[in-house]
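First up is the structure itself, then whatever we jot down about it.
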């Protein structure tokens, strides 16, 4: 990237190597989780960076730059998902039903009440977990274990912060189906963290 | 009376939209009697916090 005179008065964060490396890593990680394809992810991030930086916008801080780059990346990812039809369609939804019955059976009895062994308890010291590298490995593994259509909508909602209305629009999903997808994603994530992290520490 | 399955679905939706008064009252009553769903509700919020931190974490292997 060449310095532009328009950037001269503000600090140019794009020249901060450590910051840019971190940002790139975060973007690649995020995109890989969304697209399940290393090469597609690298390309999308590359394009997002080029798109963001050629805009010659001045950024008032690192946070502003990061928000801007992620906003562009978000659109790139949605484009790719659309092109590749990687996202939820009603047929993939149905294909996952078997998997679903599994979670239901394990969590609730036939009347819809918690099975005793599956009843959520208190997660101890969640603040300590956040500081632990091991925890984040478990978290990422649990995310990866979700069916692709669950993790895509979950990440759009919780990582990018799209509203449910926006996700419905982007993915051609109706509101009820989306609520069910998000619910199932959370249910599965919860169980996975419970078994592989919180129960282990007890 | 709604069951735990329905309550947990509402607790998930509470992460995405504002619940209406009737829904809030239903949840209050149920969770005051059901520790499992009460904990589930707290865990839903914690899950949101974890998720908001996730992208900021560097892979340990890359340190």
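Key figures for this structure:
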item: Mean separation of Cα contacts under 8 Å (6+ apart) over length of the stretch B:1-59, as relative contact order %; result: 39 percent
item: Dimensions (Å) - the stretch A:90-201, Cα atoms, principal axes, largest first; result: 41, 36, 19
item: With Cα atoms, 0 to 90° folded angle of helix B:4-13 axis to chain B main axis; result: 60 degrees
item: Normalised alpha carbon radius of gyration of chain B [divisor 2.2 N^0.38 Å]; result: 1.44
item: Residue-averaged [θ]222 nm for chain B, counting only DSSP H segments that reach four residues, each worth -39500 (n - 2.57); result: -22000 deg cm²/dmol
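Where a number appears in this text, it was derived from the coordinates with a stated rule and is not lab data. This one's a predicted model, so the numbers in the text were calculated from it and none came from an experiment.
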